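> Just passing along the structure, written as structure tokens.
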Amino acid sequence: MEKENVFYATGKRKNGIARTWLTPGSGKITVNSKPVEEAFPNPMARLVLASPLALVEAQEAYDVNVKVKGGGIMGQAGAIRHGITKALLLADPELRDVLKRAGFITRDSRVKERKKYGQKGARARFQFSKR
């Protein structure tokens, strides 16, 4: 979806879903109406979510506004990264090759496997006793 230089994309990772808007601006990142430093105190998570902008050297080119919900801190950061990547592709399709090589375009589909009945966990069994 595109409306006069506003690029929207949805990113997903584990249970995190990020709705991402990219607008030409000064490089300000806002997550759930808070500055990114307040929303993600963990510097590793901030590094993950800003990595597509750093890769294409567009940190100061776009303002990013994100609404994210579900999942944990790193799942949300991964969802934001995926959303920013998809929005960057809408803004400039020529970035596709660079972002594809870095592995940012592909949605990380790994999710937790469900627990099975009669078992301790998804794969773990109860201990077997012969006697």
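Only the coordinates and a few stated rules stand behind these numbers; no lab work does. Computed from a prediction, not measured in an experiment: that's the story for all the values here. Note: ideal-geometry Cβ built from the backbone for every residue, glycine included; neighbour counts use all protein chains shown.
> Restricting to segment 29-41, name every residue that is over 26 Å from ARG101 (Cα atoms) and not in a helix (DSSP H, G or I).
The answer is THR30, VAL31, ASN32, SER33, LYS34, PRO35, PHE40, PRO41.
> Additional query: Among all residue pairs at least 6 apart or on different chains, which show Cβ distances below 8 Å where the first residue, located in segment 111-131, is closer than 26 Å to GLY72 by Cβ and the second is polar (S, T, N, Q) and in a loop (DSSP other than H, G, I, E, B)?
VAL111/ASN15
> Among the candidates ILE29, ILE105, single out the residue that is surrounded by fewer than 19 Cβ atoms within 10 Å (Cβ to Cβ) and β-branched (Val, Ile, Thr).
Just one listed residue meets the conditions, ILE105.
> Could you say whether any residue in segment 65-75 is farther than 24 Å from LYS112 by Cβ and free of Cβ contacts under 8 Å to residues at least 60 places away in the same chain?
yes
> Still on this structure, I have one more. Would you say GLY75 is surrounded by 14 or more Cβ atoms within 10 Å (Cβ to Cβ) and in a helix (DSSP H, G or I)? Reasoning before the result, please.
Details: surrounded by 14 or more Cβ atoms within 10 Å (Cβ to Cβ): yes; in a helix (DSSP H, G or I): yes.
Taking the combined requirement at face value, the residue satisfies it.
> Does ALA9 meet the test of being surrounded by 11 or more Cβ atoms within 10 Å (Cβ to Cβ) and touching a strand residue (DSSP E or B) at 6+ places or on another chain (Cβ under 9 Å)?
In short, yes.
> Looking only at segment 30-52, which residues are hydroxyl-bearing (Ser, Thr, Tyr) and either more than 13 Å from the chain's Cα centre (by Cα) or farther than 17 Å from GLY11 by Cα (or both)?
Result: THR30, SER33.
> Of the numbered conditions (1) under 21 Å from ASN5 (Cβ atoms); (2) exposed (fewer than 11 other Cβ atoms within 10 Å of the Cβ); (3) of a type in the set (Phe, Trp, Tyr), TYR62 satisfies every one except a single condition; which is it?
(2)
> Out of all the residues in segment 78-96, is one or more within 19 Å of LYS14 (Cα to Cα) and part of a loop (DSSP other than H, G, I, E, B)?
No, there is no match, as no residue in segment 78-96 is within 19 Å of LYS14 (Cα to Cα) and part of a loop (DSSP other than H, G, I, E, B).
> Let me spell it out: the conditions are (1) without any contact (Cβ under 8 Å) to a residue 60 or more places away in the chain; (2) buried (at least 20 other Cβ atoms within 10 Å of the Cβ), and ALA18 meets all of them except one. Which number is the exception?
Exception for ALA18: condition (1).
> In addition: Determine whether segment 53-71 contains at least one residue that is in contact with a strand residue (DSSP E or B) (Cβ under 8 Å, 6 or more places away or on another chain), in a helix (DSSP H, G or I) and within 17 Å of THR10 (Cα to Cα).
The initial filter retains those residues of segment 53-71 that are in contact with a strand residue (DSSP E or B) (Cβ under 8 Å, 6 or more places away or on another chain), namely 53, 61-71.
Right, trim to in a helix (DSSP H, G or I) and you get 53.
Still in the running and within 17 Å of THR10 (Cα to Cα): 53.
Yes, segment 53-71 contains a residue that is in contact with a strand residue (DSSP E or B) (Cβ under 8 Å, 6 or more places away or on another chain), in a helix (DSSP H, G or I) and within 17 Å of THR10 (Cα to Cα).
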